[in-house]
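This report concerns only the one structure given below.
The values are calculated or read from the model by the stated rules, or taken from the named source; none is laboratory data. Just so you know, these numbers come straight off a predicted model, no measurement behind them. Cβ placement follows ideal geometry from the backbone for every residue including glycine, while neighbour counts extend to all protein chains displayed. For accessibility, only protein heavy atoms count, side chains too; no ligands or nucleic acids. Shrake-Rupley method; radii C 1.70, N 1.55, O 1.52, S 1.80 Å.
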Amino acid sequence: MQDAFTSIFTNAGEGGVQPLEAVALFYDFRNLLPVGRSGDELVRSLATQLVDLDLLDKAAELLVHQVDNRLQGAAKAQIAADAAAIHMMNESPSRALNLLRRTRQSRLPQQLIRQRRLLESVALNEVGKVDVAIELLNGVEGPDADQVRADIYWGAGQYGKSASAYEASLGARWATGGSLSDGDRMKVMRAAVARYQAKKEICNEEHRK
């Protein structure tokens, strides 16, 4: 029975049981899920398929079940981050924040701590806590962190800081040659608009004086 149950998860959506049906079977017969890493990987695989089908609530629900009932330590913090990312995709920043906060741990790999801080910063910004979101990024370096900063500053109308962060996220891309990706082109456009807006605000301020 366990082998049959495992095959349902392994082959979900491939001409057999569809992912949503597999979720229902999971909750009815989850006692048949293999113990240890192999069982956890099967559930994560199913959650990925649900995300691909835009069934974000179900995908997050599966991962949160793993967090609450099967996982400990760094694995628990990692899957909680994955579920929080799905909540963000589903425009549920409050749920993402709650999950990240209740799975916070003092001893985790630095890369995982960094990933969780970036997620939490984005979620804080989405619920309107801009200053806290920026403060959380203190000491976090890299193009992805600069991108998050830039987007937060842009949304807050702090255009000078936004332009600088967009430029930092591009790094030395200007010197590498070749075509820009769509994402890089968007950063260049936003940096240019932000520079213009910042200069316009300075001119307006000087005119008022």
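Could you check segment 173-209 and list, in sequence order, the residues that are open to solvent by less than 80 Å² (accessible area, probe 1.4 Å), in a loop (DSSP other than H, G, I, E, B) and over 16 Å from D144 (Cα atoms)?
G177, G178, L180
Within segment 111-158, track down each residue that is of a type in the set (V, I, T) and within 15 Å of L99 (Cα to Cα).
Residues satisfying the conditions are I113, V122, V127.
Please work out which one of (1) closer than 30 Å to K76 by Cα; (2) in contact (Cβ under 8 Å) with a residue 24 or more places away in the chain; (3) part of a helix (DSSP H, G or I); (4) touching a Ser or Thr at 6+ places or on another chain (Cβ under 9 Å) is the condition I134 fails and give its number.
Going through (1) closer than 30 Å to K76 by Cα; (2) in contact (Cβ under 8 Å) with a residue 24 or more places away in the chain; (3) part of a helix (DSSP H, G or I); (4) touching a Ser or Thr at 6+ places or on another chain (Cβ under 9 Å) one by one, I134 breaks only (2).
For segment 31-40, what are the residues that are under 20 Å from T103 (Cβ atoms) and open to solvent by 50 Å² or more (accessible area, probe 1.4 Å)?
Hit for segment 31-40 is R37, nothing else.
Take the residues in segment 143-167 that are under 24 Å from Q111 (Cβ atoms) and of a type in the set (D, E, K, R), then tell me which one is surrounded by the most Cβ atoms within 10 Å (Cβ to Cβ).
Only one residue fits best here, namely R149.
Inspect segment 123-130 for any residue being within 30 Å of D57 (Cβ to Cβ), open to solvent by 70 Å² or more (accessible area, probe 1.4 Å), of a type in the set (K, R) and assigned to a helix (DSSP H, G or I) and give the result as yes or no.
no
Take L170 and decide whether it is open to solvent by less than 80 Å² (accessible area, probe 1.4 Å), under 23 Å from the mean Cα position of the chain (by Cα) and closer than 22 Å to D144 by Cβ.
Yes.
Looking at D144, D151, which one is outside any loop (DSSP other than H, G, I, E, B), touching a helix residue (DSSP H, G or I) at 6+ places or on another chain (Cβ under 9 Å), over 16 Å from R195 (Cα atoms) and touching a residue at least 24 places away in the same chain (Cβ under 8 Å)?
D144
Between V140, V43, which is open to solvent by less than 50 Å² (accessible area, probe 1.4 Å), modelled with pLDDT under 95, among the hydrophobic types (A, V, I, L, M, F, W, C) and closer than 30 Å to A191 by Cβ?
The match here is V140.
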